[in-house]
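Below is one structure, written out as structure tokens, with a few remarks after it.
The values are calculated or read from the model by the stated rules, or taken from the named source; none is laboratory data. These numbers were taken from a predicted model, which means no experiment stands behind them. Cβ atoms come from the backbone with ideal geometry, glycine included; neighbour counts cover every protein chain shown. Quick note on the areas: whole protein, heavy atoms, side chains included, nothing else; ligands and nucleic acids left out. Shrake-Rupley method; radii C 1.70, N 1.55, O 1.52, S 1.80 Å.
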Amino acid sequence: MPLFFLFLGFYVVTVVGNLGLITLIGLNSHLHIPMYFFLLNLSFIDFSYSTTLTPKMLMGFVSKRNIISYAGCMTQFFFFCFFVFSESYILSAMAYDRYVAICKPLLYTVTMSPQVCLLLLLGVYVMGFAGAMAHTACMVRLTFCSKNLVNHYMCDILPLLERSCTSTYVNELVVFVVVGIDIGVPTVTIFISYALILSSILRIHSTKGRSKAFSTCSSHIIAVSLFFGSGAFMYLKPSSLLPMNQGKVSSLFYTIVVPMLNPLIYSLRNKDVKVALKKTLRKKPFS
């Protein structure tokens with residue numbers, strides 16, 4: 001029960017924070033710019049991501065038989081992969097947006113036009129869907145045994161592969177290729193964008209201009225560090241160094257804590273969001 005109420009609290013904060021940020025951006029016209037367009041989609045992904053995993057985990061804390069059907073497990077696995085890959089690409093799209101805003105401010109409105117933003121967003125979800133389909137298609141071809149006990153609170157790649165009676169060579173190859181593309185490409189994009197941003201900031205002579213540029217990127221840098229850092233700690237360590245029980249604790253961070261922290265990071269460190277929140281709260285309802 002203590003764990004149930006702890007993670008219920010996390011989930012409530014996640015839902016209120018992300019849906020609140022989505023509503024705030026939707027209601028305030030001065031936030032209808034590319035930066036907040038991508039932030040709205042990040043909040044949607046975080047909300048959906050958490051909803052895919054947390055309610056089932058909460059049921060496991062209070063139910064006497066903690067079970068999930070095969071179809072339910074594969075469905076959860078698909079959406080888990082879809083939102084993980086989509087989040088990595090939306091973070092890279094946000095990094096590109098910051099690069100254009102700081103390094104090419106005069107061309108910003110042309111470069112980040114509504115059509116370009118929609119194409120970037122389409123690319124985010126297409127790549128997320130393709131990665132999820134590749135993993136799920138390879139997973140459903142396996143035969144599972146070993147008492148069908150998944151040593152995890154969710155249907156993740158590594159725990160499911162451990163339960164397979166058949167060869168997992170193809171799955172491991174797909175993991176290597178798909179993760180290399182869907183995590184490697186966004187990571188390289190983010191690093192290149194921030195290398196160019198840093199180079200541009202260092203050429204700014206005024207201290208005020210530098211601090212403004214850094215503050216524009218600080219929230220995104222924190223979100224990227226939390227998401228990719230916790231994910232790398234879970235998946236890039238050999239299993240001998242990170243047993244499954246410790247892996248569950250590590251994966252809790254990027255599946256439960258990160259979606260909860262993202263709206264707090266962007267709201268508490270962003271003046272525009274604070275101003276929009278004050279304006280929204282001051283509005284009088286219709287009589």
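Pairs LYS56/LYS248; LYS104/LYS278; LYS104/LYS279; LYS104/LYS208; LYS56/LYS274: which are spaced more than 23 Å apart, C-alpha to C-alpha? As for pairs spanning more than 23 Å Cα to Cα, those are LYS104/LYS278; LYS104/LYS279; LYS56/LYS274.
Peptides 253-264, 55-66 ranked from most to least packed, by the mean per-residue count of other Cβ atoms within 10 Å: 253-264, 55-66.
Explain nothing, just the number: relative contact order of region 1-134, from Cα pairs under 8 Å at least 6 residues apart, as a whole percent. Each step should come with its number before you reach the end.
Numbers: 103 pairs, mean separation 37.7, N = 134.
Averaging sequence separation for qualifying contacts and normalising by length gives 28 percent for region 1-134.
Computed over protein heavy atoms with a 1.4 Å probe, the accessible surface of region 40-90 works out to 41 Å² per residue.
Ordering LEU149, LEU91 by accessible surface, largest first, gives LEU149, LEU91; the 1.4 Å probe counts only protein heavy atoms, with every chain in place. Shown are ARG203, ARG210, ARG141, ARG163, whose ranking by accessible area with a 1.4 Å probe and every protein chain present, most to least, is ARG203, ARG141, ARG210, ARG163.
Let a ≥ b ≥ c be the square roots of the eigenvalues of the Cα gyration tensor of region 24-67; is it rounded (a/c under 1.5), or, if not, prolate (a/b larger than b/c) or oblate? Numbers along the way, then the final one.
Values: a/c = 8.12, a/b = 3.99, b/c = 2.03.
Prolate is the answer for region 24-67, as a/c is 1.5 or above and a/b outweighs b/c.
Computed 3J(HN,Hα) for region 18-29, one whole-Hz value per residue from the Karplus formula 6.51 cos²θ - 1.76 cosθ + 1.60 where θ = phi - 60°, is 6, 5, x, 5, 4, 5, 4, 5, x, 7, 10, 5, glycine and proline marked x.
Karplus-based coupling profile of region 151-156, in residue order and whole Hz: 7, 6, 8, 8, 8, 9, with θ = phi - 60° in 6.51 cos²θ - 1.76 cosθ + 1.60 and x standing for Gly or Pro. Residue by residue, region 109-115 carries 3J(HN,Hα) couplings of 5, 7, 5, 9, 5, x, 5 Hz when phi is fed to the Karplus relation 6.51 cos²θ - 1.76 cosθ + 1.60 (θ = phi - 60°); x denotes Gly or Pro. For PHE144, the residues whose amide H sits under 5 Å from its own are CYS165, ignoring neighbours fewer than 5 places away on the same chain, with H placed 1.01 Å from N. Sorted largest first, the principal axis extents computed over the alpha-carbon atoms of region 1-143 equal 61, 37, 21 Å.
Take 193-199, 35-41, 81-87 and order them by the average number of nearby Cβ atoms within 10 Å per residue, most first; the result is 81-87, 35-41, 193-199.
For the chain, the Cys residues with no second cysteine's beta carbon closer than 4.7 Å are CYS81, CYS103, CYS117, CYS138, CYS217.
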